[in-house]
Amino acid sequence: MRALETVRLAIDQDKLLRYAALSNDFNPLHVDPVFAATTPMGGVIAHGTLSLNLLFEAIERTVGMPVGGSHVVDVRFKRPARIGDVMEAGGVEQADGSFVVWVRNQHGEPVIEGVACFAEGGTDA
Amino acid sequence: MKDVPILAAAPEPLTYDQFEPGRSLGAMELAIDAEMLDQWEALYGYRSLGATLPLAFAPLLLVRAMLTIAAPRPPGNIHVGQTYRIERMPRAGDPIAATVSCVSKEIRKGRRIVELEVALAERRGAPPIVTGNSTIFWAR
């Protein structure tokens, strides 16, 4: 069974601000520590797709772009990532050819989980 | 990045009651310029892995279009799930037409659940090359 190439990223305030500009998502929950401290989250959390993008990088580095079909990725956001966390994206192939995929924090806890099917070499996913 | 919204955003936060399954929320043109690629490289440490935009630009472009068109949003929304279908990625500098529509909505266990679809195409009306469906707990 194949595994996706592992991709890691340490989350810090600078990265959150850069991603806010890239995504046009300046929700104060992501960029304003004072406001975020007053919410049920208790502090700033990272944009979900900031971490998710690591999974897509892992997919491209491992299986490349779609060929003859579409890559399909279905994920759920399980818990927030916070400043100081180190995200690690990966995945492992299943018997049916699909992949179980994830992004986990430095404690091994799932931040994002899902399944993916890839179009490789003319096989529609 | 000089995005061009085609329909103006609503003046007040969108509410659950306003969503109509099957109805488009709007469209826009996305543009990727060198500044955006610089920001990406500074964040993720690479600019491209091939001839096109990175595969990881798919989530970025979809969320950027959704947040621009489905706006403003009430505070407290929670993005819980996402499905992507990617046929191919555009090249940097290619025009990208984005449309956002409501696929479904339902109230389950007291939660207002809205599914929005964002489709990216090479021009308005063309078949999508990237599609994303977001499941969101809508706050009100």
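What number comes out for accessible area per residue over chain B if the probe is 1.4 Å? Units Å², please.
Accessible area per residue, chain B: 47 Å².
What percentage of all Cα-Cα pairs in the range B:97-140 are separated by more than 12 Å?
60
Under 5 Å between amide H atoms, partner at least 5 residues away or on a different chain: which partners does A:ASN27 have, H built in plane at 1.01 Å?
Correct list: empty.
Explain nothing, just the number: relative contact order of chain B, from Cα pairs under 8 Å at least 6 residues apart, as a whole percent.
Reported as a whole number, the value is 31 percent.
Out of the total accessible area of chain B (probe 1.4 Å, heavy atoms of protein only), what percent is carbon and sulfur?
50
Which order do the peptides B:86-92, B:31-37, B:130-136, B:106-112 take when ranked by the mean count of other beta-carbon atoms within 10 Å per residue, highest first?
Put in order of decreasing packing, that is B:130-136, B:86-92, B:31-37, B:106-112.
I'd like the orientation of helix B:34-44 relative to chain B: the angle between its Cα long axis and the longest Cα principal axis, in ° from 0 to 90, rounded to 10.
For B:34-44 against chain B, the angle is about 80 degrees.
Give me the percent relative contact order of chain A, please, defined on Cα pairs under 8 angstrom at least 6 residues apart.
Relative contact order, chain A: 30 percent.
For chain A, modelled as a GNM with alpha-carbon contacts under 10 angstrom, which of A:ASP12, A:ASP96, A:ASP25 fluctuates the most?
With Cα springs under 10 Å in chain A, the top fluctuation among A:ASP12, A:ASP96, A:ASP25 is at A:ASP96.
Spelling out what I want: for every residue of the range A:37-48, take phi, set θ = phi - 60°, compute 6.51 cos²θ - 1.76 cosθ + 1.60 (Karplus), and round to whole Hz; glycine and proline get x.
Once rounded to whole Hz, the list reads 5, 8, 9, x, 5, x, x, 5, 10, 6, 4, x.
Given 10 °C and 1.306 mPa s, compute D for the protein assembly as shown with the Stokes-Einstein relation, Rh being the Kirkwood radius over Cα pairs; round to the nearest whole µm²/s.
Here the translational diffusion coefficient equals 85 µm²/s.
In nm, what is the difference between 0.36 nm times the number of residues separating B:ALA126 and B:VAL80 and their Cα-Cα distance?
Using 0.36 nm per residue and subtracting the Cα-Cα distance, I get 13.7 nm.
Using the heavy atoms of the protein chains and a 1.4 angstrom probe, tell me the accessible area per residue for the range A:6-70 in square angstrom.
Here the residues of the range A:6-70 average 38 Å² of exposed surface.
For peptide A:9-17, how many partner chain Cβ atoms fall within 10 Å of a residue's Cβ, on average?
1
Where in the range A:82-114 is the amide nitrogen less than 14 Å from a point lying 7 Å along the Cα-to-Cβ axis of A:GLU5?
Correct set: A:89-91.
Let me check I've understood the local charge: for B:THR83, count other residues with C-beta under 11 angstrom from its C-beta, Lys and Arg +1, Asp and Glu -1. What total comes out?
Counting the neighbours of B:THR83, the net charge comes to -1.
Which residue, B:TYR84, B:TYR44, B:TYR16, has the most motion in a Gaussian network model of chain B that connects Cα atoms within less than 10 Å?
B:TYR44
Can you pull the three principal axis extents for the Cα set of the range A:31-125, in Å, largest first?
51, 22, 19
What ranking, highest mean first, results for peptides A:2-11, A:32-41 when packing means the other Cβ atoms within 10 Å averaged over each residue?
Those peptides, ordered most packed to least, come out A:2-11, A:32-41.
Just to be sure I understand the interface: list residues from the range A:37-61 that lose 40 Å² or more of accessible area between the chain on its own and the complete protein assembly, 1.4 Å probe.
Relative to the lone chain, where solvent access is computed with a 1.4 Å probe, the range A:37-61 loses at least 40 Å² at A:THR49, A:ASN53, A:PHE56, A:GLU57, A:GLU60, A:ARG61.
On a 0 to 90° scale, report how tilted helix A:13-23 is relative to the longest principal axis of chain A, with both axes built from alpha carbons and the result rounded to the nearest 10.
60
To the nearest 500 deg cm²/dmol, what mean residue ellipticity at 222 nm is calculated for chain B from DSSP H runs of n ≥ 4 alone, each contributing -39,500 (n - 2.57), summed and divided by the residues?
Calculated at 222 nm, the ellipticity per residue is -5500 deg cm²/dmol.
With a 1.4 Å probe, how much accessible area is buried between chains B and A, both sides summed, in Å² to the nearest hundred?
2900
The values are calculated or read from the model by the stated rules, or taken from the named source; none is laboratory data. Fair warning: this is a prediction, and the values are worked out from it, not measured in the lab. Counting neighbours? That spans all protein chains shown, and the Cβs are built from the backbone with ideal geometry, glycine included. With ligands, DNA and RNA removed, areas are computed over all heavy atoms of the protein, side chains included. Shrake-Rupley method; radii C 1.70, N 1.55, O 1.52, S 1.80 Å.
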